[in-house]
Amino acid sequence: MTTNRPLLWTLSIAVALLAPAAGAQPAPPRTEAQESDALTDRARQLFEDGVKAANAGKWADAHAAFLAAWGLKPHYQIASNLGVACLRVGKPRDAAEYLTRYLREAPETKVQERQRAEASLQEARAQVAAVTVRVAPDGAEVTVDGASVGRAPLADTVFLDPGRHEVGAKLDGYVPQARSVEATAGGTEAVVLDLQRTPAPDATRAGAEQIGLPAPEVRRGSGRTAVLVTGGVATGVGAAAGVLFTVLANNRAGDAETQKTALLAGNRNPCTARPAPAACTKQSQAVDESALYSNVAFWSFAGAGTVGLGTLLYAFVSGPEARVQVTPRVGINDVGLSVGGAF
């Protein structure tokens with residue numbers, strides 16, 4: 001009998017917490033009228049389903065029902081029952097969060113209910129770590145292992161399962177910060193994060209000069225190099241496209257000629273008939289595609305040549321030591337550009 005007392009005492013606390021009004025005889029827990037009015041009909045039904053499952057010892061079903069009710073209506077009465085259910089299904093961290101929420105929102109007049117909730121909270125806290133997180137400035141997003149847990153200032157303590165965790169904070173215009181925490185069962189930790197504003201580029205340069213460091217070097221000619229590289233790549237792509245479409249045009253022209261030969265094999269043109277055979281349509285499409293590919297190839301080569309020439313001229317006139325003069329020439333016998341100077 002002695003070895004069973006802790007288990008019976010724990011179950012009695014859970015059942016008592018689920019029943020707002022305690023009595024000498026066990027009775028199904030019921031919501032008070034005022035609390036029931038605060039719940040939506042669906043949430044209230046789920047809550048009652050959870051109470052029935054808890055009374056039957058089906059804690060997994062009770063947890064699912066209370067969690068669904070909480071999703072519809074996050075009321076403190078649901079938080080208390082959900083917290084106990086989390087504790088019974090092996091989720092002490094969640095239990096601590098919901099029971100803390102209950103104690104923060106439940107009226108002080110609920111003396112017995114709050115005492116039972118505090119007892120269950122202590123049972124949950126013995127299995128997790130309680131971390132107080134303080135972040136400046138207010139409004140920063142607080143994260144635990146990359147997941148958001150709210151914005152500063154946090155209303156409640158953060159509970160962590162035993163092990164190593166990373167507590168961080170971030171806010172637009174500020175440098176993010178993070179601290180590693182080694183959580184132990186029943187332990188308490190405090191994390192303070194003071195975010196600093198992101199320095200402006202001019203401030204970074206001034207700070208480097210003040211401590212005697214050379215200012216970041218601004219490389220000259222990087223824009224010229226980018227233009228030359230881009231021009232070279234564009235020229236190559238244009239030329240490659242011209243070759244590709246030339247091959248396609250030739251292939252389609254060959255197909256069209258082959259189809260034409262087959263159509264005229266009987267010394268008459270079947271395409272003059274109405275309706276024309278499908279082979280005539282295919283032959284016509286082959287001719288059209290060949291013409292289209294030829295046009296694309298022409299303009300690809302023309303574009304590649306234009307870009308290549310422009311890039312070459314830019315290389316001449318934009319070099320650091322270039323002293324080049326480009327003069328247009330228009331005469332009776334020639335039209336072009338005259339390029340002269342020292343390179």
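Convert each backbone phi in region 125-134 into a coupling constant with the Karplus relation 6.51 cos²θ - 1.76 cosθ + 1.60 (shift: θ = phi - 60°), then list the ³J(HN,Hα) values in order as whole Hz, x for Gly and Pro.
Running phi through 6.51 cos²θ - 1.76 cosθ + 1.60 with θ = phi - 60° gives 5, 5, 10, 9, 9, 9, 10, 8, 10, 10 Hz.
Karplus couplings for region 90-105 from phi (6.51 cos²θ - 1.76 cosθ + 1.60, θ = phi - 60°), rounded to Hz, Gly and Pro as x?
Values, residue by residue: x, 10, x, 5, 5, 4, 4, 5, 5, 5, 5, 4, 4, 5, 6, 9 Hz.
Which value, in Å², gives the accessible area per residue of region 85-131 when a 1.4 Å probe is used on the protein heavy atoms?
Accessible area per residue, region 85-131: 45 Å².
Please give the contour-minus-distance gain from residue 52 to residue 115: 0.36 nm per residue of separation, less the Cα-Cα distance, rounded to one decimal in nm.
My answer for the length gained is 20.4 nm.
Amide H of residue 179: which non-local residues (sequence gap of 5 or more, or other chain) have their own amide H closer than 5 Å, using H built in the peptide plane?
For residue 179, whose amide H was placed from the backbone, the distant partners under 5 Å are 167, 168.
Highest mean first, how do 141-151, 50-60 rank when packing is the count of other Cβ atoms within 10 Å averaged over residues?
Packing order, densest peptide first, comes out as 50-60, 141-151.
If amide hydrogens are placed 1.01 Å from N in the peptide plane, which non-local residues have theirs closer than 5 Å to the one on residue 174?
Correct list: 198.
Name the residues whose placed amide hydrogens come within less than 5 Å of the amide hydrogen of residue 150, ignoring near sequence neighbours (fewer than 5 apart) on the same chain.
Correct list: 142.
The values are calculated or read from the model by the stated rules, or taken from the named source; none is laboratory data. If you're wondering where the values come from, they're calculated on a predicted model, not measured in any experiment. Counting neighbours? That spans all protein chains shown, and the Cβs are built from the backbone with ideal geometry, glycine included. Note: areas computed on protein heavy atoms with side chains; ligands, DNA, RNA excluded. Shrake-Rupley method; radii C 1.70, N 1.55, O 1.52, S 1.80 Å.
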